[in-house]
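Trainee: Here it is: the structure, laid out below.
The values are calculated or read from the model by the stated rules, or taken from the named source; none is laboratory data. Model, not experiment: these values are computed from the prediction. Every residue, glycine among them, receives a Cβ derived from its backbone with ideal geometry; neighbour counts consider all protein chains shown. Remember, those area values only see protein heavy atoms, side chains included, never the ligands or the DNA or RNA. Shrake-Rupley method; radii C 1.70, N 1.55, O 1.52, S 1.80 Å.
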Amino acid sequence: MLPPGSRSLPISDQTIDLILYGYRHGWFMMGDQDNADQVTWQNPDPRGVFLIGGMRISRRLARRIRSDCYHATINRDFPGVISACASRPSTWISPAIQQIYLRLHESGHAHSIEVWESDSFAGGLYGVAIGAVFFGESMVSTRADGSKVALANLMHHLNATGFMLLDTQYPTPHLASLGGIAIPRQTYLDLLVPCIDRPGTDFLSRPLPQSGKAILGED
């Protein structure tokens, strides 16, 4: 079991192995706002999750998705997404966290979804894929509904590629409004084991859909 205290993590292959071990056992990292070089390990109770296919899409959001005013990409600009997520007055995405996730991305474990209006960044999200679980880390909007469109693309993509669970870490009212649920920590850990061990899932095995209607299941 990982200790819950703060620690510094030098960027190395051993660090990556430790972080992946943590995810597999219910732990994730957050930056320590009092010490930019340190991270804290978190394992909340209750845990926030989305069941695959469980996103609630409002009529207004469905109209925006259907209009194809935005288009989405995978891993086109992972550094830009994590930088945008960190660009808030108060954030747990410290420089140390950014460097760790850039290394996770370079090693093929962390992925981003970007949403664009023409060539302008409208929003996105990033997280880590292990087995049939996508561990969502953060999402951001720079234009109306950008993060929600990114989440809708992610949910469709996870379903298409055989994923079983989307972890959102801490449950929040915003995520609950989109269909996220809170479950006890032990229930989460019980779900995690078979999902982590499920073979055959590959986040990069398919492209994102080319139309909003496909995301909404209307094609």
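Trainee: Karplus couplings for the stretch 211-219 from phi (6.51 cos²θ - 1.76 cosθ + 1.60, θ = phi - 60°), rounded to Hz, Gly and Pro as x?
Mentor: Result, rounded to whole Hz: 9, x, 4, 5, 4, 7, x, 9, 7.
Trainee: In addition: Could you please put Tyr126, Tyr170 in sequence from largest to smallest accessible area, using a 1.4 Å probe?
Mentor: I get Tyr170, Tyr126, largest accessible area first.
Trainee: Quick one: net charge around Gly54, please, counting Lys, Arg +1 and Asp, Glu -1 for every other residue with C-beta under 15 Å from its C-beta.
Mentor: +2
Trainee: Under a Cβ-Cβ cut-off of 14 Å, what is the net charge of the residues other than Asp197 that fall near it, where Lys and Arg count +1 and Asp and Glu count -1?
Mentor: +1
Trainee: OK, next. Where in the chain lies the longest segment free of trypsin sites (Lys or Arg not before Pro) that are both loop residues by DSSP (not H, G, I, E, B) and have at most 16 other Cβ atoms within 10 Å?
Mentor: 144-219
Trainee: Which ³J(HN,Hα) values in Hz, rounded to whole numbers, follow from the phi angles of the stretch 108-121 under the Karplus curve 6.51 cos²θ - 1.76 cosθ + 1.60, where θ = phi - 60° and Gly and Pro get x?
Mentor: Once θ is set to phi - 60°, the couplings for the stretch 108-121 become x, 9, 9, 9, 10, 10, 10, 10, 10, 10, 6, 9, 9, 5 Hz.
Trainee: Then there's this: Relative to the Cα centre, what is the charge dipole magnitude of the chain, using +1 at the beta carbon of each Lys and Arg, -1 at the beta carbon of each Asp and Glu, and rounding to the nearest 20 debye?
Mentor: It comes to approximately 740 debye.
Trainee: Please state the relative contact order of the chain as a whole percent: Cα pairs under 8 Å, 6+ residues apart?
Mentor: Relative contact order of the chain: 26 percent.
Trainee: Sticking with this one: In the Gaussian network model of the chain, springs joining C-alpha atoms below 10 Å, which of Leu104, Leu191, Leu20 carries the largest mean-square fluctuation?
Mentor: Largest GNM mean-square fluctuation: Leu191.
Trainee: Gaussian network model of the chain, Cα springs within a sub-10 Å range: biggest mean-square fluctuation belongs to which of Ala132, Ala150, Ala182?
Mentor: Of Ala132, Ala150, Ala182, the most mobile in the Gaussian network model is Ala182.
Trainee: Let me ask something else. Loop-only chymotrypsin sites (Phe, Trp or Tyr not before Pro) in the stretch 39-77, please: DSSP not H, G, I, E or B, and at most 12 other Cβ atoms within 10 Å.
Mentor: Of the chymotrypsin sites (Phe, Trp or Tyr not before Pro), not one in the loops of the stretch 39-77 has a Cβ with at most 12 other Cβ atoms within 10 Å.
Trainee: Heads up, I need the accessible area for Cys195: 1.4 angstrom probe, whole protein in place, Å², nearest 10.
Mentor: 10
Trainee: In Å², and per residue, what accessible area does the stretch 41-162 have when probed at 1.4 Å with the other protein chains present?
Mentor: 38
Trainee: Now a separate question. Note down the net charge around Ala110, summing +1 for each Lys or Arg and -1 for each Asp or Glu among other residues with Cβ under 12 Å from its Cβ.
Mentor: Neighbour charge sum, excluding Ala110 itself: -1.
Trainee: Next question, about the same structure. Ignoring ligands, DNA and RNA, what percent of the accessible area of the chain is carbon or sulfur (1.4 Å)?
Mentor: On the way: 5080 of 10080 Å².
Here it works out to 50 percent.
Trainee: So for the stretch 119-219, averaging the separation of alpha carbon pairs under 8 Å that are six or more residues apart and normalising by length, what relative contact order in percent results? Don't jump to the answer; show the numbers that get you there.
Mentor: Numbers: 119 pairs, mean separation 31.4, N = 101.
Relative CO of the stretch 119-219 lands at 31 percent.
Trainee: Between Arg76 and residues 5 or more places away or on another chain, which pairs have amide H atoms under 5 Å apart, with H built 1.01 Å from N, and which residues are they?
Mentor: Close amide H contacts, sequence-distant or interchain: Glu114.
Trainee: I would also like to ask the following. State which helices in the chain qualify, where a helix is a whole DSSP H run, it must extend 15 Å or more along its own axis by its Cα atoms, and its mean Kyte-Doolittle hydropathy must be at least 0.0.
Mentor: The qualifying helices are 146-160, 185-196.
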